[in-house]
Amino acid sequence: MKLRKNLILGPLAALILVAPAWATARNVTLNVSKMTCAACPLTVKKALEKVPGVSKVEVSFEKKQAQVTFDDAKTNTDALLKATTDAGYPSEVAKDSK
């Protein structure tokens, strides 16, 4: 009976250990058109950095865009869009980013 239990639990344990490897780092560009001053990118960046799973944020006032790297097992683009909107800066996914 013990051997049978190990035959079942062994593969399950392996799946649990490998599961985090299925997560993928994704990059997305958000158009944030309502940024009007040099302080706006700081607010947008801080809002995006608070989203769990976000690992990198670069915001360009000149381009009115935010480049975001995130773990797709922890968050998604909808959460990123909500974060910027809640901070007062509605955004949309750039067409070339989909």
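The values are calculated or read from the model by the stated rules, or taken from the named source; none is laboratory data. Nothing here was measured: the structure is a model prediction, and the numbers come from that model. Positions of Cβ are backbone-derived with ideal geometry, glycine not excepted, and every protein chain shown enters the neighbour counts.
A few points about this structure:
For every residue, the table says whether it meets (1) in contact (Cβ under 8 Å) with a residue 12 or more places away in the chain; (2) within 15 Å of Thr24 (Cβ to Cβ); (3) in a loop (DSSP other than H, G, I, E, B).
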position: Val57; (1), (2), (3): yes, no, no
position: Lys63; (1), (2), (3): no, no, yes
position: Ala66; (1), (2), (3): yes, no, no
position: Phe70; (1), (2), (3): yes, yes, no
position: Thr75; (1), (2), (3): yes, yes, yes
position: Leu81; (1), (2), (3): yes, no, no
position: Thr84; (1), (2), (3): yes, no, no
position: Tyr89; (1), (2), (3): yes, no, yes
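- Across segment 18-32, the qualifying residues are those that are of a type in the set (S, T, N, Q) and either modelled with pLDDT of 95 or more or surrounded by 12 or more Cβ atoms within 10 Å (Cβ to Cβ) (or both), and the one among them that is farthest from Gly88 (Cα to Cα) is Asn27.
- Val68 surrounded by 15 or more Cβ atoms within 10 Å (Cβ to Cβ) and within 16 Å of Ala94 (Cβ to Cβ): yes
- Residues (within 19 Å of Lys95 (Cβ to Cβ) and polar (S, T, N, Q)) located in segment 35-65: Ser60, Gln65
- Index of the failed condition, Pro41 passing every other in (1) buried (at least 19 other Cβ atoms within 10 Å of the Cβ); (2) more than 16 Å from the chain's Cα centre (by Cα); (3) not in a helix (DSSP H, G or I): (3)
- Cβ-Cβ under 6 Å pairs, at least 6 apart or on other chains, segment 29-50 side farther than 14 Å from Lys82 by Cα, far side charged (D, E, K, R) and surrounded by fewer than 21 Cβ atoms within 10 Å (Cβ to Cβ): Ser33/Lys64; Met35/Lys64
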